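As structure tokens, the structure follows; a few thoughts come after it.
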Amino acid sequence: MRGIVKENIKIAFGAIRTQLLRTILTVIIIAFGIWALVGILTVVSALDNTLNTKFASMGSNTFFINQYDSGPRRHGGGDIEKVNPIITYSQAKSFKEKYKFPLTHCSLSFTATSVAEVKYENEKTNPEIQVLGIDENYTLNSGLEVTKGRNFNAFDIQNHVYFCVVGSDFSTKGLLKDVNPIDKILTIRGAKFKVIGVLKEQGSTFGNSKDSRIYIPIQVARSLYSNANINYSLSVLVDRSEMLDAAVGQATITFKNIRKQNPSSENNFGITRSDDLVHKIAEMTGVLNIAATIIGIITIFGSSIALMNIMIVSVTERTREIGVRKSLGAKKGTIAWQFFTETLIVGQLGGLLGILLGIFTGYIAAAAMDFDFVIPWKAMMAAVGITFVVAVISGLYPAIKASKLDPIEALRYE
């Protein structure tokens, strides 16, 4: 049996060499389908991995109170878009003071500006630095880690010190890249801040870098950036996961009381749990995976037709060869396996080329969009399986046709 398989493989490669151009074109056609499938699934896997990593760093026991939740607001058709009032500083501060659920850490923050210009000695950045006003619990609730220096403490926040914590870009490729950043003085909007800490690299999502941010005490930020319509954010970290539901329920009641809402009325604010975000990411990437699979299968269906066509032509062109082999005693099964082996080899060559192109394209796309690249093992296994099925389907009819040829008629064929 092993000898027959080796002989069939040898004959198959010989036939491929004699029809090299046609085989190359067929392999490329098959590769296009696998390329599309693996390439899209690679990008989707990179997106899924990146977003899950970002949210996993916050832990699954965190929830956020914002003006709106993370879901889309209704609009269009007969629906009226829901408009919630902003969360004011007095409301946010009142919540932090009144919310006393056990084993929780509440944080109050806001984005002061996204177009700050930061100076260090005679150098300055472009006006594209994001400045956030935070409290002592912000980094804990956000899953941020200080790699140099220290974080803010309650004393810093209560005494409105002019200290700052900076993103990793400042120490790796920004203003402070050639010096020890700790205790250096940065100037923001005319105010001087001493650097007390540098955060661990976070990367960026959709081109939005989190490593070029500066964090300052919230009251200092409010004094520098006064605006009547500033919208504040609240986050709550629960130490024990089994208490999360109760903590969210208590937070909802507390904030409704602060906004003087009826307990039975619909929230005019949004509460989003970090595990909800992870589930929504999974749903989104699941839809993208299905769409990518459909696109790939449609393309591969065209490839299978092309592969079947070349094998039918090959059977026709090699009719006399089939007649000679049958006259020398070759059985139907031997002839069928010969052509079937050839189909499998061509199909797998196309699949291998498609996988390589798909991974390379996915890597380039992931790098361009700042996603964390991961090797798409599932997509690769799916591609191998699909090319095998395509080869089986495409090679079955030509192999059967070849095996059923009458040896006498085949020998007469010109």
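Among the residues that make up segment 139-150, is at least one of them of a type in the set (Asp, Glu), on the phi > 0 side of the Ramachandran plot and at pLDDT below 95?
No, that holds for no residue.
Mind checking whether some residue in segment 260-271 is part of a helix (DSSP H, G or I), out of contact with any Ser or Thr (no Cβ under 6 Å at 6 or more places or on another chain) and open to solvent by 60 Å² or more (accessible area, probe 1.4 Å)?
no
Pairs needed: first member in segment 357-382, closer than 19 Å to residue 33 by Cβ and in a loop (DSSP other than H, G, I, E, B); second member anywhere, open to solvent by less than 60 Å² (accessible area, probe 1.4 Å) and polar (S, T, N, Q); C-beta distance under 6 Å; at least 6 residues apart or different chains.
Matching pairs, first to second residue: 376/42; 376/45.
Can you name the residue in segment 121-151 that is open to solvent by 20 Å² or more (accessible area, probe 1.4 Å) and of a type in the set (Ser, Thr, Tyr) and is also nearest to residue 217 (Cα to Cα) among such residues?
My answer is 138.
Please go through segment 86-114 and give me each residue that is hydrophobic (A, V, I, L, M, F, W, C) and surrounded by 19 or more Cβ atoms within 10 Å (Cβ to Cβ), ordered by number.
87, 92, 95, 106, 108, 110, 112
Has segment 210-225 got at least one residue that is among the basic types (Lys, Arg), touching a helix residue (DSSP H, G or I) at 6+ places or on another chain (Cβ under 9 Å) and open to solvent by 40 Å² or more (accessible area, probe 1.4 Å)?
yes
Failed condition for residue 170, given (1) within 21 Å of residue 127 (Cα to Cα); (2) of a type outside the set (Lys, Arg); (3) out of contact with any helix residue (DSSP H, G or I) (no Cβ under 9 Å at 6 or more places or on another chain); (4) touching a residue at least 60 places away in the same chain (Cβ under 8 Å), with all others met?
(4)
Being part of a loop (DSSP other than H, G, I, E, B) and of a type outside the set (Lys, Arg) is the filter here, so list the residues in segment 136-158 that pass it.
Answer for segment 136-158, where residues must be part of a loop (DSSP other than H, G, I, E, B) and of a type outside the set (Lys, Arg): 136, 137, 143, 144, 145, 151, 152, 153.
Filtering segment 235-256 down to residues that are touching a helix residue (DSSP H, G or I) at 6+ places or on another chain (Cβ under 8 Å) and among the polar types (S, T, N, Q), which residue is surrounded by the most Cβ atoms within 10 Å (Cβ to Cβ)?
Within segment 235-256, the match that is surrounded by the most Cβ atoms within 10 Å (Cβ to Cβ) is 235.
Would you say residue 167 is closer than 15 Å to residue 200 by Cα, at pLDDT 90 or above, open to solvent by 30 Å² or more (accessible area, probe 1.4 Å) and small (Gly, Ala, Ser)?
no
The values are calculated or read from the model by the stated rules, or taken from the named source; none is laboratory data. In this text, all values refer to a predicted model and were calculated from it rather than measured experimentally. Cβ coordinates were reconstructed from backbone atoms using ideal geometry, including for glycine residues, and neighbour counts include every protein chain displayed. Just so you know, the surface numbers come from the protein's heavy atoms only, side chains and all, with ligands and any DNA or RNA stripped out. Shrake-Rupley method; radii C 1.70, N 1.55, O 1.52, S 1.80 Å.
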